[in-house]
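First comes the structure, then the notes that go with it.
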Amino acid sequence: MPVPVPLPGRASPPSATSGGGAGRLPGPPAAFPPVPGSGPVPAPVGGTVPQGAAAASTSGPVQASGSVRTPHPVRPPGPAPTPGPAPATSPVLQQILRGPSGLGTTGLYLPPLQAPTGPTGQSGPSASAEPAEPAAGRPVPGLYHHPIPEPDAHRVEEVSRRIKAWAVEEVELFPPDWEDQFDGFSLGRYMVACHPDAPTVEHLMIATRLMAAENALDDCYCEDHGGSPVGLGGRLLLAHTALDPLHTTAEYQPDWAESLHADAPRRAYRSAMQYFVQQAGHSQADRYRHDMARLHLGYLAEAAWAETDHVPEVWEYLAMRQFNNFRPCPTITDTVGGYELPADLHALPAMQRVIALAGNATTIVNDLYSYTKELAGPGRHLNLPVVIAEREDCSVREAYLKAVEVHNDLMHAFEAAAADLAAEVPHPVVLRFLRGVAAWVDGNHYWHQTNTYRYSLPDFW
């Protein structure tokens, strides 16, 4: 079934069942103590931030959910840079990635790749159909991926400035001697690359704070900066209450509220979540909490294996990575884009498969680019090449190259699942969400490839 191009239409008022916009109260919910200086996310100058899409039957007429300032293109057409022939991209998937052009469609679709997006600044950069060469780094040879244009330098600079101020002044995220590591993470470049349809810098900051908080917890509780598998479950549970607030008696509520300031991960989780719920619908916030619980479950599985010095089977490792992965990041692509995928459409099994495959593929990208960094650290760090080498009794080079194949298979499965869903459920907000997830996948690869401060490739070619 071809993907239809919706007719021009005016914005529909948010439906009471969609969780969107008009009924939202500004400011954080009462369950959380307030964040100093946190106000509602402003609309872009001269434009309207869409606050949600009305829930609609996939068989009925659909109107645009609002207007968004012209965003960046997502993905260039053309063959994937693999050494051998890649599977042909379906016409349906090509339609998803390009999006229709025409009056009245900008609120739901990204612009055609052949059209520039306009001047730089709040509304996004000017971009051509051909992506520029990345600033640094080279892709893993043979890795199936889609190059993207360089992220808008103005947005990168502003997001980087704001996230540093938030980290230092609002949540005291790191001590001074970790500053170079924070800067080297390049959060601004990461999030601008992953969310090309964000209508404002404020929308980009929603994702950037959450990413900074998640990374701080991973480092401080699990890995680089004092992390340990011992007692991890208790630490994760208490940190999770910064996302999913405790409902208890008046006697014990103050003790819990005070605990949210006890360490950097909890301070960051609390603050980032408060900013997020100011812009997200109720179902979007609940979706994020659920995906963070999945992430924490994955952390616990990996910690349990570390405590028992267990190397899982390859399929077991991949099961763990389906939980300990990037899923919470692309799952908020609609909030960052200024619209809402209704809960019933997000919950479709086919949509859940698309999101899971996107998370799995992007996480194996991390395994491949961080391979040498992890080998240089103390102890044995599980990643896919290490597990393949151990369990399939092959050389480290053979294991690494097989991990590339696993990633490529996951990417092809993701793109096929997205194309199938677009054909079966041609709801315009579904199509926009699929494009947003695809953009996140591509931006995530771009960041790993270009972040030479953190990553270098093994000498296997």
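The values are calculated or read from the model by the stated rules, or taken from the named source; none is laboratory data. Small disclaimer: the values here were computed from a predicted structure and weren't measured. With ideal geometry, Cβ positions are generated from the backbone for all residues, glycine too; neighbour counts draw on all protein chains shown. Just the protein is used for accessible areas: all its heavy atoms, side chains included, with ligands, DNA and RNA removed. Shrake-Rupley method; radii C 1.70, N 1.55, O 1.52, S 1.80 Å.
Couplings for the stretch 260-266, taken from phi via the Karplus curve 6.51 cos²θ - 1.76 cosθ + 1.60 with θ = phi - 60°, read 5, 9, 6, 8, 4, x, 5 Hz in order; Gly and Pro are left as x. Couplings for the stretch 421-436, taken from phi via the Karplus curve 6.51 cos²θ - 1.76 cosθ + 1.60 with θ = phi - 60°, read 5, 4, 6, 7, 10, x, 6, x, 6, 4, 5, 5, 5, 4, 5, x Hz in order; Gly and Pro are left as x. Our estimate of slack between W256 and A304, defined as 0.36 nm per intervening residue step minus the Cα-Cα distance, is 14.6 nm.
Per-residue SASA remark: T241, around 20 Å² accessible (1.4 Å probe; ligands, DNA and RNA not included). Under a 5 Å amide H cut-off, with hydrogens placed 1.01 Å from N, Y144 pairs with N408 among residues at least 5 apart or on other chains. In order along the stretch 356-365, the Karplus-derived 3J(HN,Hα) couplings, from 6.51 cos²θ - 1.76 cosθ + 1.60 at θ = phi - 60°, round to 5, 5, 4, x, 5, 5, 5, 6, 5, 4 Hz, and Gly and Pro are given as x. Within the full protein context, the accessible area of H203 is estimated at about 0 Å² for a probe radius of 1.4 Å. The modelled label-to-label distance between T452 and V311, using points 7 Å beyond Cα along the C-beta direction, is 3.3 nm.
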